[in-house]
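Here's the structure we're looking at; comments come further down.
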Amino acid sequence: MKQDLNELRGQIDAIDRQLVELFLQRMQVVEGVARYKLENGMEVLQPQREQAVIEKARRLAPPEMADYTAEFFEGVMAVSRHMQQDLIEQSK
């Protein structure tokens, strides 16, 4: 049975709501990471950690989705870095 475009879009909307909720939870933790890095004189960019997170996500995905998953996490990591940098700058 062929799905209606509006039904598919409704499914995407529901998933997007979940993604936003998870993203906001992640960013609350990122705020704690920024405070830790500030208190301990650490750089925001931790290339080895970022690469490990991206590679772990890649391995969790099926092979045909691995590159897309890595790209998604690269974006998440970039936003996380940006937020950390902003929080650290505001604290100075």
Problem - Between helix 66-91 and the chain: long-axis angle, C-alpha atoms, 0 to 90°, nearest 10 - result: 40 degrees
Handout entry: For the chain, diffusion coefficient by Stokes-Einstein and Kirkwood Rh (Cα), 25 °C, 0.890 mPa s, µm²/s
Key = 161 µm²/s
Exercise for the section: Quantify, in whole percent, the carbon and sulfur part of the accessible surface of the chain (1.4 Å probe; protein heavy atoms only). Expected result: 56 percent
Practice task
Report, in debye and to the nearest 20, how large the dipole of the chain comes out about its Cα centre when Lys and Arg carry +1 and Asp and Glu carry -1 on their Cβ.
Solution key: 260 debye
Problem - Residue list for segment 48-72, given a label point 7 angstrom along the Cα-to-Cβ vector of GLN85 and an amide N cut-off under 18 Å - result: 48-51
Practice task
Starting from the amide H of MET42, placed 1.01 Å from N in the peptide plane, find each other amide H under 5 Å away whose residue is 5 or more places distant or on another chain.
Solution key: none
Practice task
State in Å² the accessible area per residue of the chain; use a 1.4 Å probe, count heavy atoms of protein chains only, and round to the nearest integer.
Solution key: 80 Å²
Problem - Nearby lysines by direct alpha-carbon distance to LYS37 (threshold 19 angstrom, same-chain neighbours under 8 apart not counted) - result: LYS92
Practice task
Grab the Cα-Cα distance for GLN48 and LYS2, subtract it from 0.36 nm times how many residues apart they are, and report the gain in nm with one decimal.
Solution key: 12.1 nm
Practice task
For ILE15, tell me the accessible area in Å² from a 1.4 Å probe, rounded to the nearest 10.
Solution key: 90 Å²
Exercise for the section: Please identify, among VAL44, VAL53, VAL20, the residue showing maximal mean-square fluctuation in a Gaussian network model of the chain using a 10 angstrom Cα cutoff. Expected result: VAL20
Practice task
Keeping all protein chains in position, work out how much accessible area LEU60 exposes to a 1.4 Å probe, and write it in Å² to the nearest 10.
Solution key: 140 Å²
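The values are calculated or read from the model by the stated rules, or taken from the named source; none is laboratory data. Not measured: the values here are computed from a predicted model. FYI the Cβ positions are ideal-geometry reconstructions off the backbone, even for glycines, and counts take in every protein chain you see. Protein only, heavy atoms only, side chains kept; ligands, DNA and RNA dropped before computing areas. Shrake-Rupley method; radii C 1.70, N 1.55, O 1.52, S 1.80 Å.
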